[in-house]
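Asks: Okay, here's the structure, questions in a sec.
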Amino acid sequence: MKVETAVYSILFYGFAAASILMALLTVVSRRLLRAAVWLMFVLLFTAGFYVMLGVPFLAGVQVLVYIGGIVILIAFAIMLTSSNELLEDRPTLKRKLLGALGALIFLGITIPVILASELPNSNQSGVSAEEIGKSLLNYGATGFVLPFEVVSLLLLAAVIGGIVVARKK
Amino acid sequence: MEPLGLVPDFRHFVILSAILFAIGLYGLLTRRNAIGILMGVELMLNAAALQFVAFAHFTTTKPVEAAIMALFVIAIAAAETVIAMAIFVALFRARKSIDVTRIDEMRY
């Protein structure tokens, strides 16, 4: 999608406002299952951003793995630990203030640095799924086959570890 | 330092992901339920992956590396969530609660 069109700007600001609102609802909501649903919406809007940034393959992976895997897993855990029945207790005011202070300090450090930076502009080309696939299986110096294999091992270890930790004695 | 224009630039995307990261940080620091803390972590990871792709799309000539980075972030977040949920389920079975303000002793 070309950046200069008005549709791009409207979509960007709309998605940005919606995802910030959903993120705020996620961290404030006292019913955990609803917080998981707001998290799902944030991830969905991020998938929309990936399409706008020219990587539709990543948008598909985001929906499949992040929403279809992780959010479902969170919902399972919420129901298995009976966290969906009672309202979560509110954090104390001191905790809320300290948390907001931490988040604001982070923003106060990064946003001026971002605004002051000038980086060269590129031709804004997108990435196709074929490029990603070829790069992941590339044995050369710029290939990513080693991290690919290591992540496969990590996922195997995570599956085995999850079964071992969560089984009934 | 030129002012922030109306047409989205890489700075708009990076500021957006910084705001999402800060909101996730607030959720991580404030939540009492362990799964709520994990949702804050997921927000932060998602913001980081979005920032990688946004930077690469606007400033580099090879955005494929950032797409692969985001792919790995998603895969590692999935593995971490599996283990964390298994731990929380086992913890709930032992202590009947996953309120992090009440689980403060390490004896068996």
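Taken together, the values in this text are just the output of simple stated rules run on the coordinates, not laboratory data. Just so it is clear, the model here is predicted, and its values are computed rather than measured. Cβ coordinates were reconstructed from backbone atoms using ideal geometry, including for glycine residues, and neighbour counts include every protein chain displayed.
Asks: If neighbour count is taken as other Cβ atoms inside 10 Å, put A:117, A:19, A:135 in order from fewest to most.
Replies: Numbers: A:117 12, A:19 28, A:135 20.
Ranking A:117, A:19, A:135 by Cβ neighbours within 10 Å, fewest first, gives A:117, A:135, A:19.
Asks: With only alpha-carbon atoms in the gyration tensor, what are the semi-axes of the equivalent ellipsoid for the stretch A:4-70, in Å, largest first? Numbers along the way, then the final one.
Replies: Working: eigenvalues 106, 54, 5 Å².
The equivalent ellipsoid of the stretch A:4-70 has semi-axes of 23, 16, 5 Å.
Asks: What are the lysines whose alpha-carbon lies under 27 Å from the alpha-carbon of residue A:168, with same-chain residues fewer than 8 places away excluded?
Replies: B:96
Asks: Just tell me how shielded A:99-108 is by partners: mean number of partner chain Cβ atoms within 10 Å of each residue's Cβ, no decimals.
Replies: On the way: counts 8, 5, 2, 6, 11, 3, 2, 6, 7, 1.
The per-residue average across the peptide is 5.
Asks: Follow-up question, since we're still on this one. Hey, got the dipole for chain A? About the Cα centre, +1 on K and R Cβ, -1 on D and E Cβ, debye to the nearest 20? Can you show the working numbers first?
Replies: Working: 12 positive and 8 negative charges, 179 e Å.
So the dipole magnitude of chain A works out to roughly 860 debye.
Asks: At 1.306 mPa s and 10 °C, plugging the Kirkwood radius over alpha-carbon pairs of the stretch B:1-83 into Stokes-Einstein gives what diffusion coefficient in µm²/s? It would help to have the intermediate numbers written out before the result.
Replies: Details: Rh = 13.8 Å.
This corresponds to a translational diffusion coefficient of 115 µm²/s.
Asks: Right, another one. Please compute the average number of Cβ atoms from other chains found within 10 Å of each residue's Cβ in peptide B:50-59. The partial results should precede the final answer.
Replies: Numbers: counts 9, 0, 0, 9, 4, 2, 5, 11, 7, 6.
Mean shielding by partner chains, rounded to a whole number: 5.
Asks: Calculate for chain A the 222 nm mean residue ellipticity that helices alone would give, adding -39,500 (n - 2.57) per DSSP H run of length 4 or more and normalising by residue count, nearest 500 deg cm²/dmol.
Replies: Numbers: 7 runs with 112 residues, N = 169.
Computed mean residue ellipticity for chain A: -22000 deg cm²/dmol.
Asks: Still on this structure, please answer the following. Kindly put B:103, A:109 in sequence by how many other C-beta atoms sit within 10 Å of each C-beta, fewest to most. Display every interim value, and only then the final one.
Replies: Values: B:103 13, A:109 10.
Result, fewest neighbours first: A:109, B:103.
Asks: What's the longest bit of chain A with no exposed GluC sites (Glu not before Pro), using DSSP loop states and at most 12 other Cβ atoms within 10 Å as the test? List each step's numbers first, then the result.
Replies: Working: sites that count: A:4, A:85, A:118.
Result, exposed sites excluded: A:5-84.
Asks: Looking at the square roots a ≥ b ≥ c of the eigenvalues of the Cα gyration tensor of the stretch A:127-169, which shape do they give, rounded for a/c under 1.5, prolate if a/b is larger than b/c, or oblate?
Replies: Details: a/c = 6.92, a/b = 2.93, b/c = 2.36.
In terms of gyration-tensor shape, prolate.
Asks: Could you put B:9, B:104 in order, starting from the residue whose Cβ has the fewest other Cβ atoms within 10 Å? Intermediate values should be presented prior to the final figure.
Replies: Details: B:9 18, B:104 6.
Ordered by Cβ neighbours within 10 Å, fewest first: B:104, B:9.
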